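What follows is a short report on a single structure.
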Amino acid sequence: MSIFSLKMEIADNRHYNGQLSSLFTIDEAEKARAFHQKVEGYQPTPLQSLDCLAKEIGVGKILVKDESHRFDLCAFKMLGGAYAIARLLCDEYQLDINVFDFDTLKNDIKEKMTFATATDGNHGRGVAWAANKLGQNAVVYMPKGSADERVNNIRALGAECIVTDMNYDDTVRLAIKTAEECGWKIVQDTAWEGYTKIPTWIMQGYTTLAAEAVDQMKIHAVAKPTHVFLQAGVGALAGGVLGYLCDLYGAENLHSVIIEPDQADCIYRSGISADGGMVNVGGDMATIMVGLACGEPNPLGWPVLRDCATQFVSCQDSVAALGMRVLGNPLGDDPRVISGESGAVGAGLLVAAYYHPDREALMAKMGLNKDSVVLLINTEGDTDPVHYREVVWQGKHPTL
């Protein structure tokens, strides 16, 4: 295979202190997983072992948690949205989350509630799915340029879907304003002053996938990963999952790499800031990784990443496109993984580093060697099938 150069800015976390989060713990993860296990149709998503790819790039093991199989939604996001809505309703009706039942509650709700959110696609679909399961209403706002397939998937669940002429962060502000005016319940995966409970529940809901992966590693004779690569938009998934894994293994025992598109790298910029404060990114954030096209860090996730992440990465879109092609066209007997733009960037980073002219320096910087066990999260499948084909079949965003 050719040697090629893709843009990857890898920065050590200058603010690391290893302090664990009290919000994203083993106990909270098990509480969330117990809830998800009671949802009709629940099955753990597969943890795929890419042994041929691992051998090719000289690491011990590459494990991919494949969220493209999460229910019939092709992405992990429902884990957060459904759990948060359930917790919200338990508060509303004085119920115990440990005995929560979708069907019973659906019959007990006397007046329909409306849940509102802003989304790049997958989070809104998860909120619409949960509202549909409960016979409630959902209103979903999406930023300009949203793919028709993602819009149609949300509407197919009975939700109202409104595509704005704004970027993601401004769309969030519009959703909040409208929800307050209409008396709707806002279910958003980022936090702000006075709004932390629901996004905390959403992030705790995401930890189910990590708890599943920890159990599934035993099947692959893996005691624990040495590395975890986590993609970040606002940092909700990355913060929740890293918080849980650090509580389980200790931050000092896990090399964690947080990856973003260079057009929306607010976490990366926060990580290299002098004071460790959150840094916002504005503009259109025109990246193919639409699930990561967020310019303002989640203030609940950022402290976890600031304290426990090993490194932050800002990379060009071709890194994600490379990951889509690598996962969809596997080496040898490796299983095929259908991964969308935001889901594939971790695999893309691994391969882009290995085939870079500065391979040795990049692999050493990320601490990758023959003993490394790398955990990747494929957060979505081909949620935009048209663009998936453009990348994987037609070579959009080429490597060379």
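Overall, the stretch 78-188 carries a charge dipole of about 140 debye about its Cα centre when +1 sits on the Cβ of Lys and Arg and -1 on the Cβ of Asp and Glu, all other atoms neutral. Computed over Cα pairs, the Kirkwood radius of the chain leads via Stokes-Einstein (1.002 mPa s, 20 °C) to a diffusion coefficient of 103 µm² per second.
This ranking places 55, 185 by how few other beta-carbon atoms lie within 10 Å of each, fewest first, which gives 55, 185.
DSSP bridge analysis restricted to the chain gives an antiparallel fraction near 25%, rounded to the nearest 5.
Reported to the nearest whole Å, the Cα centre-to-centre distance from the stretch 109-156 to the stretch 1-60 is 26.
What the phi angles of the stretch 57-68 give under the Karplus curve with 6.51, -1.76 and 1.60, with θ = phi - 60°, is a coupling list of 9, x, 10, x, 7, 10, 10, 10, 7, 9, 7, 5 Hz, glycine and proline written as x. Placing unit charges on the Cβ atoms of the charged side chains and taking the dipole of the stretch 78-188 about its Cα centre, the candidate lying farthest along the positive direction among 123, 146, 113 is 146. Ordering 162, 37, 104 by Cα displacement along the dipole of the chain toward the positive end leaves 37 in first place; charges were set at the Cβ atoms of Lys, Arg (+1) and Asp, Glu (-1).
Dipole size of the chain about its Cα centre, with +1 on Lys/Arg Cβ and -1 on Asp/Glu Cβ: approximately 400 debye, rounded to the nearest 20.
Between the amide H of residue 118 and those of 141, distances stay under 5 Å, these residues lying 5 or more places away or on another chain, with hydrogens modeled in the peptide plane. Reported to the nearest whole Å, the Cα centre-to-centre distance from the stretch 72-99 to the stretch 159-183 is 21. Computed extension gain for residue 94 through residue 9, at 0.36 nm per residue and net of the alpha carbon distance, reaches 25.8 nm.
With Cα atoms defining each centre, the stretch 350-392 and the stretch 271-292 are spaced 20 Å apart in the structure. Take the Cα coordinates of the stretch 78-188, assign each an equal point scatterer, and use the Debye formula without solvent to give log10 I(q)/I(0) at q = 0.11, 0.23 Å⁻¹. For the stretch 78-188 at q = 0.11, 0.23 Å⁻¹, log10 I(q)/I(0) is -0.32, -1.24.
Rounded to the nearest whole Hz, the Karplus-based 3J(HN,Hα) values (6.51 cos²θ - 1.76 cosθ + 1.60, θ = phi - 60°) of the stretch 382-388 follow the sequence 7, 5, 10, x, 4, 5, 4, with x at glycine and proline. Beyond a 27 Å Cα-Cα separation, which of these cross-linked pairs lie in this structure: 65/112; 197/218; 38/197; 144/177? Beyond 27 Å between Cα atoms: 65/112; 197/218.
Taking the convex hull of the alpha carbon positions in the stretch 194-285 and averaging its projected area over all directions gives 7.5 nm². Per residue, the convex hull spanned by the Cα atoms of the stretch 127-269 measures out at 157 cubic angstrom.
Going from the fewest other Cβ atoms within 10 Å to the most, the residues 201, 192 appear in the order 192, 201.
FYI, it's all coordinate maths here, none of it is from the lab. It should be emphasised that the depicted structure is a prediction, and the values quoted were computed from it without experimental measurement. Note that each Cβ is placed from the backbone with ideal geometry, even for glycine, and that neighbours are counted across all protein chains shown.
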